[in-house]
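The structure under discussion appears below in the form of structure tokens.
The values are calculated or read from the model by the stated rules, or taken from the named source; none is laboratory data. Source: prediction; values computed, not measured. Heads up, the Cβs are rebuilt from the backbone with ideal geometry, glycines too, and the neighbour counts pull from every protein chain shown. What goes into the accessible areas is simple: the full protein's heavy atoms, side chains included, and nothing from ligands, DNA or RNA. Shrake-Rupley method; radii C 1.70, N 1.55, O 1.52, S 1.80 Å.
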Amino acid sequence: MVPVQHVAVSAGSGVILGLLMRSWSAGAACCFIGIFIDADHFFDFWNNRGFRVSVREFLDFCYHGTSRRFFDLLNGFEFIPAIWALTTLPGWHNLGWGLTVGYTIHLLCDQFYNTHLNRWTYFFCYRLFVGFDARRIVKGPA
């Protein structure tokens, strides 16, 4: 998904969750993680293209470029139970639910929208198993 789509989905789900839970912190956490989980794309960009600070090159890399290795270190369905565990910590119930829901929605949206990627891409263990080799992860053009 492109950033504007993640922002729209994250803001909408954050508002809905905040209203359902009657918690601004749950809604804000849902929105925050739904948008900023993709910060890991900077690591992939720098790893593949060298350290640069160019918005144009970064966006081109993320949506049209090629890469040798595809890390996406913050994306993985396996991480959901660890994030959900935050809900059990004292004082973290609402924040934990916000993070869990926002993270899960982000991954599900990517899973169903990014059809140019292998169906196992959003499992960290799969990417690790294939050595983060982009040729085994990316099926074809977006």
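The figures follow:
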| item | result |
| --- | --- |
| The chain - percent of accessible surface contributed by carbon and sulfur, probe 1.4 Å | 70 |
| Pair LEU20, ARG56: separation of 7 Å Cα→Cβ label points (nm) | 4.3 |
| Solvent exposure of the chain as accessible area per residue, Å², 1.4 Å probe | 59 |
| Relative contact order (percent, whole number), the chain, Cα cutoff 8 Å, 6+ residue spacing | 28 |
| Estimated 222 nm signal from helices in the chain, with DSSP H stretches of n ≥ 4 weighted -39500 (n - 2.57), rounded to 500 | -18500 deg cm²/dmol |
| Estimated FRET transfer efficiency (ALA85, PHE129; beta-carbon r; R0 25 Å; 0.05) | 0.55 |
| Which of LEU95, LEU20 is most accessible, then next, and so on - probe 1.4 Å | LEU20, LEU95 |
